[in-house]
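A quick write-up on the structure given underneath.
The values are calculated or read from the model by the stated rules, or taken from the named source; none is laboratory data. The structure displayed is predicted, hence computed values, not measured ones. All Cβ positions, even for glycine, are placed from backbone atoms using ideal geometry, and neighbour counts span all protein chains on display. Quick note on the areas: whole protein, heavy atoms, side chains included, nothing else; ligands and nucleic acids left out. Shrake-Rupley method; radii C 1.70, N 1.55, O 1.52, S 1.80 Å.
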Amino acid sequence: MSDSSDRSLNLNFLKEPVLRKLCEALDKTNSKGWRKLGEMIGNDRRFRVSSDEMEMCSLKVLELEGSPSRVLLRLMGDRGCTLGHLVDLLQTMGHTEALQCVKPPGIQILIQPQSVAIIVGHNLRLSCYAVGKAGVQFQWFKTKEEVGSLLGCVLKVDHAGFYICRVNCGDSFEFSQWAQVDVLNVATSYGETLSFTSQSVHGQRSTDKVALLIGNLSYRNHPQLKAPMVDVYDLTNLLRQLNFKVVSLLDLTESEMRNAVDEFLLLLHKGVYGLLYYAGHGYENYGNSFMVPVDAPNPYHSANCLCVQSILKLMQEKETGLNVFLLDMCRKRNIHDDTTPNILLRVTANIVFGYATCQDAEAFELSSSGFTNGVFVKFLKKRLLEDEKITVLLDRVAEDMGQFDATKGKQALEIRSSLSERRALTDPVLPGDSSDMALAHNRQWAKAHELPESMSLDFDCGAQIKLGFAAEFSNVLVIYTHIVKKPEDMFFCQAHVTNFSPDLDIDPKEMNRETPEETGIYLLSSSLPQHCLYTRLSSLQKLRDQLGFTVCLQGSFKAMDELVDWTTDVNIGKPLIARLDLYRTMRRNSCLQTCPMPHSPCHSPRAEHLHHHPQGLLSPHCSSPYLDVCEPLQGAVGGSGCVSSTLYDNCFSRYGCTSSDSPGRASIPIETTDDINELQTVFINSLQFHHQ
């Protein structure tokens, strides 16, 4: 069922359980079967199959377990047919049974259960939050056994395994992703020998993993950059594979950067792994690193920039388990800034800095007509998923960079670390005692990553269009329109979007283009449906009100030469990061200008404000979204200086202090293994449910 949540998915990438059920429904010999589907696509030149190909499909009935529908769907997929296209065709056919196999139910899972490692005798809480058109109910399973009876028992070693949640909403249901539970058996006392029922990484665990990725490239008063967009996109997809909650943002002003850091801090609490990646202009004075916003003046000073060490101080107040800073920027001295910061940091053995270049040196991005990574991420992304201590991983990246001829002797990775434990980005997540706080944090993150639901719009002329949405970054939304059907006597039909909020400052020349690349959608283009008109909305953080716009349908009929327009207004609320109101110029708890002062003028958000149940996510009639196993046992331990534009062979200075490859994945994923895929297939095929 998870395939059905992505209408842009090519038919050739449907999961086997979904494809098998769909083919069973279409192979039945009736007026709405695979032959009817073949006739319908025969009228669509995009997916049309020949009579010989239809004959090839029909011959499959002569084979043992042969399926004409499977061959037909493969041919359609080869021609670019997506799940959304198929759903529209099945709706026109009125094939209810086939639609049940692929049509997304009225259920949206906002928070997926995560894989965890738990000590014997402690409390286990797997969370799954979902919304539906009516009240939703939850059923939890361990492999194929419903486990509601485990509530209130003591967690034992044999509770380790794979768990899944079924979300029911009326006659519809949706399965969550699988979550693997490792049970730690404490052999003697806490802190001594630990053994795992299933192998974990290095014995280290986090209570959560959160990453803030900022890429600034479209500077107003300084040289523009290219690589930060590619770098942030690639790291986002890699970190999600490591179970990080990722917020990825492009082109932030000073106030937007400070507010984004505030939201990042809200997601941190005791034991969390926090990672901050920044790509853009920057500088370093007196050992303190400064990130330069896109609206920084020329020249800029510390008051116009964000001090990384000040952010570290605020992270330390949250008692995080690991603080990682990956700074892909210039570290030249800013001669226009004579401020001497006095930032008092705690002595903690959990800090790692990975600088893209050495002190008083520049960082580079490769000179290319297309979109490529900067030098740092070019080598970092090849190592990021390795199961190694983070400092060991960065050491290997440094060695790789040292062999790169284009920057040899000009740029070298520098690592600074106080890390005393063997902590890795691959460490599993072990939720802490403050589960309500963690749940509030999860909800805060999920709120900034909710996409509008795709919709079908019907016009008086009889035409129907599909309006779809995709996220390229946390603050970049893609809108696409596709003609689903049109009257037979209409020989031209096209749908475009217009009348957007002036907050977004959209160039009309880059709207409603026939290819994603024409609008600036370079990284997501391969996963978008074809034969649409595309519009890219960037800087969603500037959106002050709900996002409303007009969908205009233009058509002409055989009996007339003039174009006729039909319009309808659409409101999709505040999508993605817009819901967090980062545009506000000042917040009470803003990180402000912390650099010149010995102490941050703001206090970190108080934990008391986060102890609440996120009402509104669930209907008052819903059963519990948690899987709670066990009560704790008694006694259990629970810049602007130099212009840097000198060319070096095929690269140029990337982030000076100046004065003049991967498809996205679903949010909060687990590391998918062949065992989990096989388990899910067997599980879904074997369970028999009655409607709730």
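Here are a few things to note about the model shown:
- Selection of region 125-144 for residues being at pLDDT 75 or above, open to solvent by 30 Å² or more (accessible area, probe 1.4 Å) and closer than 17 Å to ASP158 by Cα yields LYS142, THR143, LYS144.
- Cβ-Cβ under 8 Å pairs, at least 6 apart or on other chains, region 335-360 side on the phi > 0 side of the Ramachandran plot and acidic (Asp, Glu), far side in a loop (DSSP other than H, G, I, E, B) and surrounded by fewer than 19 Cβ atoms within 10 Å (Cβ to Cβ): ASP360/ARG333
- The residues of region 494-528 that are among the basic types (Lys, Arg) and within 26 Å of ASP231 (Cα to Cα) amount to a single one, ARG513.
Yes or no, residue by residue, for (1) of a type in the set (A, V, I, L, M, F, W, C); (2) within 23 Å of the chain's Cα centre (by Cα); (3) crowded, with 24+ Cβ neighbours inside 10 Å:
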| position | (1), (2), (3) |
| --- | --- |
| LEU252 | yes, yes, yes |
| SER255 | no, no, no |
| GLU263 | no, yes, no |
| LEU276 | yes, yes, no |
| HIS281 | no, no, yes |
| ALA296 | yes, no, yes |
| LEU306 | yes, no, yes |
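- Annotation: of all residues in region 506-522 being open to solvent by 40 Å² or more (accessible area, probe 1.4 Å) and in contact with a Ser or Thr (Cβ under 7 Å, 6 or more places away or on another chain), the one that is nearest to TRP566 (Cα to Cα) is ARG513.
- Picking from residues in region 525-557 that are polar (S, T, N, Q) and assigned to a helix (DSSP H, G or I), the one that is surrounded by the fewest Cβ atoms within 10 Å (Cβ to Cβ) is SER526.
- Residues (in a strand (DSSP E or B), more than 28 Å from the chain's Cα centre (by Cα) and of a type in the set (Lys, Arg)) located in region 461-507: LYS485
- Filtered by the rule that a residue be open to solvent by 10 Å² or more (accessible area, probe 1.4 Å), among the hydrophobic types (A, V, I, L, M, F, W, C) and in contact with a Gly (Cβ under 7 Å, 6 or more places away or on another chain), region 451-480 gives a lone residue, CYS461.
- Test for GLU192: is it outside any loop (DSSP other than H, G, I, E, B) and modelled with pLDDT under 80: no
- The residues of region 360-395 that are in contact with a helix residue (DSSP H, G or I) (Cβ under 9 Å, 6 or more places away or on another chain) and in a helix (DSSP H, G or I), listed by number, are VAL375, PHE376, VAL377, LYS378, PHE379, LEU380, LEU393, LEU394.
- Tally, over region 291-342, of residues that are part of a loop (DSSP other than H, G, I, E, B), under 23 Å from LEU267 (Cα atoms) and in contact with a Ser or Thr (Cβ under 6 Å, 6 or more places away or on another chain): 2
- Residue count for region 72-91, restricted to those that are buried (at least 19 other Cβ atoms within 10 Å of the Cβ) and touching a Leu at 6+ places or on another chain (Cβ under 9 Å): 13
- You will find that of ASP208, ASP231, the residue that is charged (D, E, K, R), under 25 Å from LEU322 (Cβ atoms) and at pLDDT below 90 is ASP208 and no other.
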